[in-house]
Amino acid sequence: MLVTYGTTNGSTARIAEAVADVLRKDGLTVESLPARSVTSVTPYDAVVVGGGLYAGRWHKDARRFVRRHRPELAKRPVWFFSSGPLDATVSERDIPPVRGVRRAMTRLEVREHVTFGGCLQEGAKGRVAGMILRSGKGGDFRDFGAIETWAEGVADVLTRT
Ligand SMILES: Cc1cc2nc3c(=O)[nH]c(=O)nc-3n(C[C@H](O)[C@H](O)[C@H](O)COP(=O)(O)O)c2cc1C
């Protein structure tokens with residue numbers, strides 16, 4: 001199967017790796033690739049797509065991936081995740097997908113979507129990233145325990161079918 005992601009600063013890639021590791025441990029054959037480098041999804045039986053959130057939208061690489069591969073994705077089981085909030089909200093409540101992601105979920109009959117906490121650290125690209133960091137609102141809010149638990153759920157479905 002394929003775990004693919006749109007990332008600017010690498011933290012979504014790291015989440016994707018954690019998801020892929022769990023799936024591999026459960027016996028699945030997994031490739032983990034940046035969304036922009038995937039040319040076709042036909043070799044895969046199932047796909048997980050993750051994207052960092054930027055200004056209320058999924059990372060453009062994740063959006064483009066879904067748009068480009070829509071017909072093939074629609075024939076496969078697909079899971080989505082987003083990573084973004086730079087605070088503890090994801091541990092307090094479920095953060096629903098942003099509008100574009102919700103729309104893609106309906107079109108593709110995506111199995112499930114989850115929002116994980118994000119990460120913004122020194123060295124992140126962009127002026128706004130610098131402003132967020134200077135205002136003291138950066139940090140690593142990824143919960144790898146929660147990420148692994150979610151991935152176990154995906155693996156359960158795939159190893160049962
Ligand atoms: C310019 C900018 C805009 C952001 N906008 C959002 C947002 O709208 N919603 C959100 O939850 N997180 C937002 N974030 C936080 C990022 O989603 C978070 O840092 C994420 O982990 C980035 O993923 P990446 O490292 O894979 O690029 C924003 C961060 C930056 C720098």
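Computed from the coordinates by the stated procedures, all read-outs in this text should not be read as laboratory data. In this text the structure is predicted, and so the values were computed from the model without any measurement. Cβ atoms come from the backbone with ideal geometry, glycine included; neighbour counts cover every protein chain shown.
So here's what we get for this one:
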item	result
DSSP-assigned coil residues among trypsin sites (Lys or Arg not before Pro) in region 87-161, each with at most 12 further Cβ atoms within 10 Å	ARG93, LYS125, LYS137
Value of relative contact order over region 114-161, rounded to a whole percent, pairs C-alpha under 8 Å and six or more apart	40
Pair LYS137, GLU17: separation of 7 Å Cα→Cβ label points (nm)	2.8
Lys/Arg +1, Asp/Glu -1 at C-beta; region 33-161 dipole; positive extreme among CYS119, LEU133, GLY56	GLY56
Relative contact order (percent, whole number), the chain, Cα cutoff 8 Å, 6+ residue spacing	25
Full-extension gain in nm, THR39 to ARG107, via 0.36 nm per residue minus C-alpha separation	22.4 nm
Value at 222 nm in deg cm²/dmol, rounded to 500, when DSSP H runs of n ≥ 4 in the chain each add -39,500 (n - 2.57)	-12000 deg cm²/dmol
Among beta bridges that DSSP assigns inside the chain, antiparallel share in %, nearest 5	15
Sequence-distant aspartates and glutamates (8 or more away, or on other chains) whose Cα lies within less than 19 Å of LYS137	ASP87, GLU92, GLU122
Nearby aspartates and glutamates by direct alpha-carbon distance to LYS75 (threshold 19 angstrom, same-chain neighbours under 8 apart not counted)	GLU31, ASP45, GLU109, GLU112
Region 39-111 and region 118-161: distance between their alpha carbon centers, rounded to Å	14
Aspartates and glutamates whose Cα lies under 14 Å from that of LYS125, excluding same-chain neighbours fewer than 8 positions away	none
Inter-site label distance for ARG67 and ARG160 at 7 Å from Cα along Cβ, in nm	3.6
